[in-house]
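Undergrad: Sharing a structure with you now.
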């Protein structure tokens, strides 16, 4: 009967540690029972192992900060609540969904209530975001509200997911705001990455919306081609060939109407004045 009781105790303690994510300690449990230790003592001995300390690593940080440690049960329950809050908010897979992510929150004594408040505030910020910007995020990168909430909650952690794209989205949003068509995402990423003139998205798209219709009409008269993409190449990309094409079209327009004031021609020349 003693053997059966011992086996039951080993099984119960092993199950407990498996629930902690520490099933690897099962051989140690058997070893300690073989050495004559009781369950309570074995529990204390196992808590001193590197595996246990790593699993509940936030407790060391809490001790150093003068905060009480959490029992394994409290620690796991806190992680579970965190996970539910973030999952319900629709945060993306890979963002705060494993124990290493929760370690920082527990170390900082962030309660589930506080985390919920942060998530709710981030969700509200997403709801209040410029709809053109929000739509561009969705259209260009397929980013949903959960991804945007993740970016607001932790820009540093979300950087591989969102931050490198956020600047490019400004161009897509500005284009939509001006009623322009969307250029390839790679093109906006290049401008956002510092390639070209450095003209801001809003200023540049407004410039392009102003100059493109007139220049397109002039190109048709001249049997040439001019498009929004050509304007973007000059305004954002600083391409000399695009600039020369604009100048050539304007010069041809002036040549056709030499001797009279041409308001449209002057307007076209003035659209990019001071930018280059």
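Undergrad: From the list 253, 189, which residue is within 30 Å of residue 138 (Cβ to Cβ), modelled with pLDDT under 95 and either assigned to a helix (DSSP H, G or I) or out of contact with any helix residue (DSSP H, G or I) (no Cβ under 8 Å at 6 or more places or on another chain) (or both)? If you could, list the steps in order and put the result at the bottom.
TA: Values: 253 fails: within 30 Å of residue 138 (Cβ to Cβ).
It is 189.
Undergrad: Next up: Looking only at the range 91-104, decide whether some residue is under 23 Å from the mean Cα position of the chain (by Cα), surrounded by fewer than 17 Cβ atoms within 10 Å (Cβ to Cβ) and not in a loop (DSSP other than H, G, I, E, B).
TA: yes
Undergrad: Take the residues in the range 214-228 that are in a loop (DSSP other than H, G, I, E, B) and over 38 Å from the mean Cα position of the chain (by Cα), then tell me which one is surrounded by the fewest Cβ atoms within 10 Å (Cβ to Cβ).
TA: Going residue by residue through the range 214-228, those that are in a loop (DSSP other than H, G, I, E, B) are 223-227.
Remaining after also requiring over 38 Å from the mean Cα position of the chain (by Cα): 223-225.
Details: 223: 6, 224: 14, 225: 10.
Restricting to residues being in a loop (DSSP other than H, G, I, E, B) and over 38 Å from the mean Cα position of the chain (by Cα), the top hit is 223.
Undergrad: I would also like to ask the following. Any chance the range 129-151 includes a residue that's touching a residue at least 60 places away in the same chain (Cβ under 8 Å) and over 27 Å from residue 9 (Cα atoms)?
TA: yes
Undergrad: Here's another thing I want to ask about it. Modelled with pLDDT of 95 or more and either touching a helix residue (DSSP H, G or I) at 6+ places or on another chain (Cβ under 7 Å) or in a helix (DSSP H, G or I) (or both): is that true of residue 231 in this structure?
TA: yes
Undergrad: Test each condition in (1) more than 33 Å from the chain's Cα centre (by Cα); (2) assigned to a helix (DSSP H, G or I) for residue 68 and report the one that comes out false.
TA: So the condition that residue 68 fails would be (2).
Undergrad: Answer yes or no: is there a residue in the range 161-174 that is within 27 Å of residue 250 (Cα to Cα), crowded, with 16+ Cβ neighbours inside 10 Å and not assigned by TED's automatic domain parsing to the domain that holds residue 254. Show your work before the answer.
TA: Step one: of the range 161-174, the residues within 27 Å of residue 250 (Cα to Cα) are 171, 174.
Applying the additional criterion that residues be crowded, with 16+ Cβ neighbours inside 10 Å yields 171, 174.
From what is left, the residues that are not assigned by TED's automatic domain parsing to the domain that holds residue 254 are 171, 174.
For the range 161-174, residues within 27 Å of residue 250 (Cα to Cα), crowded, with 16+ Cβ neighbours inside 10 Å and not assigned by TED's automatic domain parsing to the domain that holds residue 254: present.
Undergrad: Here is a follow-up. Which condition number does residue 143 fail, the rest of (1) buried (at least 19 other Cβ atoms within 10 Å of the Cβ); (2) within 30 Å of residue 177 (Cβ to Cβ); (3) out of contact with any helix residue (DSSP H, G or I) (no Cβ under 6 Å at 6 or more places or on another chain) being met?
TA: Only one criterion is unmet by residue 143, namely (3).
Undergrad: Right, another one. Quick one: which residue in 136, 123 is in a helix (DSSP H, G or I), outside the structural domain of residue 169 (by TED's automatic domain parsing), under 16 Å from the mean Cα position of the chain (by Cα) and at pLDDT below 90? Walk me through it before giving the result.
TA: On the way: 136 fails: outside the structural domain of residue 169 (by TED's automatic domain parsing).
The conditions single out 123.
Undergrad: Go through the range 234-249 and count every residue that is crowded, with 21+ Cβ neighbours inside 10 Å and not in a loop (DSSP other than H, G, I, E, B).
TA: Here the count works out to 4.
The values are calculated or read from the model by the stated rules, or taken from the named source; none is laboratory data. Worth saying up front: this structure is predicted, and the values here are computed from it rather than measured. Using ideal geometry, Cβ is built from the backbone for each residue, glycine included, and neighbour counts are taken over all protein chains shown.
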